Amino acid sequence: MMILKRILKPVVLAAALTAAFSNSTTAQGLFEPVITVNDTIITRYEIDQRARFLTLLRAPGDPAEQARSGLIEDRLRTGEARRAGITVTDEQIQAGMEEFATRANLSAEQFIAAIGQASVSAETFRDFVSAGLAWRTYVQGRFGPRAQVSDAEVDRALSQRTEGRGAVRLLLSEIIVPAQGPNAEANRALIQRLSDTITTEGAFAAAARQYSAAATRNRGGRLEWLPIGQVPPALRAAVLVLEPGQVTDPIPLGPGIGIFQLRALEETDPEIPDTLALEYATILIPGGQSASAQATAQTYADRYDTCDDLYKPAQSLAPELFERVTLAASDVPSDIAFELAKLDDNENSTALTRQNGEFLVFLMLCGRTVDAGPAPEPELDENGEPLPVVDERDQVRQQLFNQRLASYADSFLEELRADAIIVENP
């Protein structure tokens, strides 16, 4: 992820992290058991380390809460993999660490050194990678055969990626609920049940009015037409295999989780190219969805017409409350990417919150970088010979397979969590 490059500024991050976490870890025993997951424990030290690590990665949500949730899931994943006889070798873990570090254009050794300056141990990084590798192996073995993609599904997806690529728009409806806070588990179960049972547009609209936390709830979750080139890749892969009226599996959206119903799909003219990168700005406004926070957001919307204008109010804000970034479309957090898909340049949204609803997000789209034309020249190997071109059909099949496999994995993990004995202390 491009955002990992910020790890190259570890001294500043280390200072912030020390201020954020030192009080909680010095006041109580670092290795005190805080959570029990079946027959395993999670210590305060592990939670502190994971929270620091997530903060460095700029992961969405509250770092401490996400650390607790992530470690619980890791215990469930590794426990299930161990019961299936799956082990991960040191060589595989090292390769996984190297692969992860390359996302920041670093070697594993350089990555470990960078996070070490923010007091994140190499073992924390290693455990994070190891749990992911074990789970991936388990999921592929258990659900791989069920996640196979038919030729008809590939044909449907390919039909949007040939000459008319991008010359399509989608009419969607959404139901989005919080995936954090005290009702997170109930919300996940709810959204899965809605995904499994809704079969009509009327039922979806009724459920959106009753359950959705999105601003579209009063419209039955209905969105306006979206050009497919602006739809985030994860959502695009999910909806392109649907027929009108069908509903996606639950899709993680940062601090939320949602399902989408395809109401219609039609060709458009002229061609609308794929979005390659997104530039956007955010201001975090204390107060969440309160009237005062909304009033502040409306003031920003009334006074500031472009992302450049937002530097004016940013001067009086704490540095962590304002951010302007340019990211590859695939690296933008899911909930932000979906909101940006609805916006034109210099339009804004106030549909999102952060840190368990404590901050309202004033989000403005600065601009899109789009696919401007012909494919680039083929890459060459060390001998100057063209590298093999990836077959587009195989690429699409793999994308659909991965999306389906992830859905099976997420659903099974929820079952493991529901069946587990989890005891959490404050």
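The values are calculated or read from the model by the stated rules, or taken from the named source; none is laboratory data. Fair warning: this is a prediction, and the values are worked out from it, not measured in the lab. Cβ placement follows ideal geometry from the backbone for every residue including glycine, while neighbour counts extend to all protein chains displayed. These area figures cover heavy atoms from the full protein model, side chains too; ligands, DNA and RNA do not enter into them. Shrake-Rupley method; radii C 1.70, N 1.55, O 1.52, S 1.80 Å.
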Is it the case that Ala81 is open to solvent by less than 50 Å² (accessible area, probe 1.4 Å) and within 28 Å of Asp39 (Cβ to Cβ)? yes
Conditions first: (1) touching a Ser or Thr at 6+ places or on another chain (Cβ under 7 Å); (2) not in a loop (DSSP other than H, G, I, E, B). Asp249 passes all but one, so which condition is the exception? (2)
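If you check Ala293, Ala297, Ala375, which single one turns out to be of a type in the set (Gly, Ala, Ser) and modelled with pLDDT under 90? Let's see the steps before the verdict.
Details: Ala293 fails: modelled with pLDDT under 90; Ala297 fails: modelled with pLDDT under 90.
So the residue among Ala293, Ala297, Ala375 that is of a type in the set (Gly, Ala, Ser) and modelled with pLDDT under 90 is Ala375.
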Can you tell me which residue within the range 254-278, out of those that are of a type in the set (D, E, K, R) and modelled with pLDDT under 90, is nearest to Asp410 (Cα to Cα)? Asp274
Residue pairs within 6 Å by beta carbon, gap of at least six or interchain, first lying in the range 406-426 and closer than 14 Å to Asn38 by Cβ and touching a residue at least 40 places away in the same chain (Cβ under 8 Å), second open to solvent by 30 Å² or more (accessible area, probe 1.4 Å) and in a loop (DSSP other than H, G, I, E, B), listed first then second, are Ala420/Asn38; Ile421/Asn38
May I ask you to verify whether Ala293 is assigned to a helix (DSSP H, G or I), in contact with a Gly (Cβ under 8 Å, 6 or more places away or on another chain) and of a type in the set (A, V, I, L, M)? yes
Can you tell me how many residues in the range 96-134 are open to solvent by 30 Å² or more (accessible area, probe 1.4 Å), closer than 19 Å to Ala406 by Cβ, in contact (Cβ under 8 Å) with a residue 24 or more places away in the chain and out of contact with any Gly (no Cβ under 8 Å at 6 or more places or on another chain)? 2
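Taking Glu65 as the residue in question, decide whether it is of a type in the set (Asp, Glu), open to solvent by less than 50 Å² (accessible area, probe 1.4 Å), in contact (Cβ under 8 Å) with a residue 24 or more places away in the chain and part of a helix (DSSP H, G or I). Reasoning before the result, please.
Details: of a type in the set (Asp, Glu): yes; open to solvent by less than 50 Å² (accessible area, probe 1.4 Å): no; in contact (Cβ under 8 Å) with a residue 24 or more places away in the chain: yes; part of a helix (DSSP H, G or I): yes.
Considered against the rule, which asks whether it is of a type in the set (Asp, Glu), open to solvent by less than 50 Å² (accessible area, probe 1.4 Å), in contact (Cβ under 8 Å) with a residue 24 or more places away in the chain and part of a helix (DSSP H, G or I), Glu65 comes out as no.
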Of the criteria (1) at pLDDT 75 or above; (2) open to solvent by 20 Å² or more (accessible area, probe 1.4 Å); (3) closer than 24 Å to Glu185 by Cβ, which one Pro60 fails: (1)
Here the residues within the range 182-222 that are open to solvent by less than 10 Å² (accessible area, probe 1.4 Å) and assigned to a loop (DSSP other than H, G, I, E, B) are Ser212, Gly220, Gly221
Exactly one of Glu347, Glu415 is open to solvent by 40 Å² or more (accessible area, probe 1.4 Å), closer than 30 Å to Ala147 by Cα and modelled with pLDDT of 85 or more, and that residue is Glu415
Output for the range 1-39, where each listed residue is modelled with pLDDT of 80 or more and surrounded by 16 or more Cβ atoms within 10 Å (Cβ to Cβ): Val34, Ile35, Thr36, Val37
Being in contact with a Ser or Thr (Cβ under 8 Å, 6 or more places away or on another chain), of a type in the set (A, V, I, L, M) and open to solvent by 20 Å² or more (accessible area, probe 1.4 Å) is the filter here; which residues of the range 278-300 pass it? none
Which residue pairs have Cβ atoms under 6 Å apart, sit 6 or more places apart or on different chains, and have a first residue in the range 321-334 that is closer than 17 Å to Asp308 by Cα and a second that is acidic (Asp, Glu) and open to solvent by less than 40 Å² (accessible area, probe 1.4 Å)? none
